[in-house]
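Have a look at the structure below before the remarks.
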Amino acid sequence: MKLMKTLAGVLLATAAMAMTASACELTLKSSDTHPDGYPTVEAVKHMGKLLKERTNDRICVEVFHSAQLGQEKDTIEQTKFGVIDLNRVSMGPFNNLVEETKVVSLPYVFKGVDHMHRVMDGPIGDDILKAFEPHGYVGLAFYDGGSRSFYNKVKPIKSIEDLKGMKVRVMQSDIFVDMMTALGANATPMPYGEVYSAIQTGVIDGAENNWPSFESSGHYEVAGYYTLDEHLIVPEVLVMSKASWDKLSAEDQAAVRQAAKDSVSVMREMWVAREKASEEKVRAAGVEVITEIDKAPFMAAMDSVYEKHVTSDKLKDLVARIRSTD
Ligand code: GTR
């Protein structure tokens, strides 16, 4: 009898635990390539917290960080089919799927990060978010991705000539391949997760990214020269699978959208702090940072990239609107 009672007690406790764990009626699975603590990961967690509060614990978000669900290009595909509900990625790997994302992936299209914010926070940003929908995604919000610059293990890049013949990893989009070709380098498109060992083993000489990614990926341990040429400012995007979205009520869709929007300012604050912390860590590790760089020749070399990729009226118009935004 005593044993029965104990067993019943254990069963009850287990059931209670299971109920607490599954208190959320719906848990949205979210993917991120970055490690825990990275601003994009924390931003989506924050979004999840807001959503949970606002739906009285009905809808939760679980963030699978550190590429647990796969490399960006693969997770983008899985998101289309609703295997992954939410995905935080760079817009670069979306270039071949959603044409409009190409304009924000063009080298030197933004005058700086503030300009990028003004563009993405306004009607152009709204238009780009809407452009995801016919392709099976719902664009929810843009996050910061800083400025991307070149790093390598061979020598300090002080001018465009230093890039000649270098093997540089880029994100998987033709724009970036053509950008490197225009700079006289050899582009190697590959998933982010393969870059560290590719530099280490000499498959490539270097890559390009912002301070937080350069630091958190550990690439600075194998690539000791970082040149702040800031050739790209590619915003990050948080998308939801249209398949998952369509299962929500209109009210819950609005709650998801609002929680995503409300996570943006928090993300930007975290981003600024992380950029500073990452820069300090990388500099303290002895990486040579080249800040004195004439960007004019880099910009001039990009004409061919624009000619090749900005061909439709739609993209021409978007680029013109970006350029005329103060
Ligand atoms: C990072 C970005 C990632 C990923 C990565 C890359 O800056 O946050 O989403 O795109 O760059 O270079 O692949």
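When you scan the range 139-183, how many residues do you find that are surrounded by fewer than 22 Cβ atoms within 10 Å (Cβ to Cβ) and either farther than 26 Å from Glu194 by Cα or in contact with a Pro (Cβ under 9 Å, 6 or more places away or on another chain) (or both)?
Final tally of qualifying residues: 9.
Given the condition out of contact with any strand residue (DSSP E or B) (no Cβ under 7 Å at 6 or more places or on another chain), within 16 Å of the ligand (Cβ to nearest atom) and more than 25 Å from Leu140 (Cα to Cα), answer yes or no: does some residue in the range 226-241 qualify? First the steps, then the outcome.
Taking the range 226-241 and keeping what is out of contact with any strand residue (DSSP E or B) (no Cβ under 7 Å at 6 or more places or on another chain), we get 233.
Checking which are within 16 Å of the ligand (Cβ to nearest atom) leaves us with 233.
Subset that is more than 25 Å from Leu140 (Cα to Cα): none.
No, the conditions are met nowhere in the range 226-241.
Which of the residues spanning the range 166-183 are more than 12 Å from the ligand (Cβ to nearest atom) and under 16 Å from Pro107 (Cβ atoms)? Break it down into steps so the answer makes sense when it comes.
Here is the first cut: in the range 166-183, the ones more than 12 Å from the ligand (Cβ to nearest atom) are 166-167, 174-175, 177-183.
Hits for the range 166-183 are Asp174, Ile175, Val177, Asp178, Met179, Met180, Thr181, Ala182, Leu183.
Provide a single number: the residues in the range 222-253 that are farther than 22 Å from Glu72 by Cα and assigned to a helix (DSSP H, G or I). Break it down stepwise before answering.
Step one: filter the range 222-253 for residues farther than 22 Å from Glu72 by Cα, giving 222-230, 246-253.
Then drop every residue that is not assigned to a helix (DSSP H, G or I), which leaves 250-253.
Count: 4.
Among the numbered conditions (1) in contact with a strand residue (DSSP E or B) (Cβ under 8 Å, 6 or more places away or on another chain); (2) of a type in the set (D, E, K, R); (3) buried (at least 16 other Cβ atoms within 10 Å of the Cβ); (4) touching a residue at least 60 places away in the same chain (Cβ under 8 Å), tell me where Lys261 comes up short.
It fails just one condition, (3).
Taking into account only those residues within the range 283-326 that are at pLDDT 95 or above and of a type in the set (Asp, Glu), which is surrounded by the fewest Cβ atoms within 10 Å (Cβ to Cβ)?
At the first step, the residues of the range 283-326 found to be at pLDDT 95 or above are 283-291, 293-325.
After this cut, where a residue has to be of a type in the set (Asp, Glu) as well, the list is 288, 294, 303, 307, 313, 317.
Numbers: Glu288: 12, Asp294: 11, Asp303: 10, Glu307: 10, Asp313: 8, Asp317: 14.
If we take residues in the range 283-326 being at pLDDT 95 or above and of a type in the set (Asp, Glu), then Asp313 is surrounded by the fewest Cβ atoms within 10 Å (Cβ to Cβ).
Hey, does the range 148-158 have a residue that's more than 16 Å from the ligand (Cβ to nearest atom) and among the polar types (S, T, N, Q)?
Step one: list which residues in the range 148-158 are more than 16 Å from the ligand (Cβ to nearest atom), which gives 153-158.
Cutting the leftovers down to among the polar types (S, T, N, Q) gives us none.
No, the range 148-158 contains no residue that is more than 16 Å from the ligand (Cβ to nearest atom) and among the polar types (S, T, N, Q).
Out of (1) more than 16 Å from the ligand (Cβ to nearest atom); (2) of a type in the set (Gly, Ala, Ser); (3) outside any helix (DSSP H, G or I), what's the single condition that is false for Gly125?
(3)
Here is a yes/no grid of residues against (1) over 18 Å from Val256 (Cβ atoms); (2) crowded, with 22+ Cβ neighbours inside 10 Å; (3) modelled with pLDDT of 95 or more:
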{"residue": "Leu26", "(1), (2), (3)": "no, no, yes"}
{"residue": "Lys29", "(1), (2), (3)": "no, no, yes"}
{"residue": "Gly37", "(1), (2), (3)": "yes, no, yes"}
{"residue": "Val44", "(1), (2), (3)": "no, yes, yes"}
{"residue": "Met47", "(1), (2), (3)": "no, yes, yes"}
{"residue": "Leu51", "(1), (2), (3)": "no, yes, yes"}
{"residue": "Arg54", "(1), (2), (3)": "no, no, yes"}
{"residue": "Ile59", "(1), (2), (3)": "no, no, yes"}
{"residue": "Glu62", "(1), (2), (3)": "no, no, yes"}
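Give the residues of the range 184-221 that are away from the ligand (no atom under 12 Å from the Cβ), surrounded by 20 or more Cβ atoms within 10 Å (Cβ to Cβ), assigned to a loop (DSSP other than H, G, I, E, B) and not aliphatic (A, V, I, L, M), sorted by residue number.
Hit for the range 184-221 is Asp205, nothing else.
For the range 77-110, which positions are touching a strand residue (DSSP E or B) at 6+ places or on another chain (Cβ under 6 Å) and either within 15 Å of the ligand (Cβ to nearest atom) or over 28 Å from Cys24 (Cβ atoms) (or both)? Give the derivation first.
Here is the first cut: in the range 77-110, the ones touching a strand residue (DSSP E or B) at 6+ places or on another chain (Cβ under 6 Å) are 79, 82, 84-88, 90-91, 107.
Selection gives Thr79, Ile84, Leu86, Asn87, Arg88, Ser90, Met91, Pro107.
The values are calculated or read from the model by the stated rules, or taken from the named source; none is laboratory data. If you're wondering where the values come from, they're calculated on a predicted model, not measured in any experiment. Note: ideal-geometry Cβ built from the backbone for every residue, glycine included; neighbour counts use all protein chains shown.
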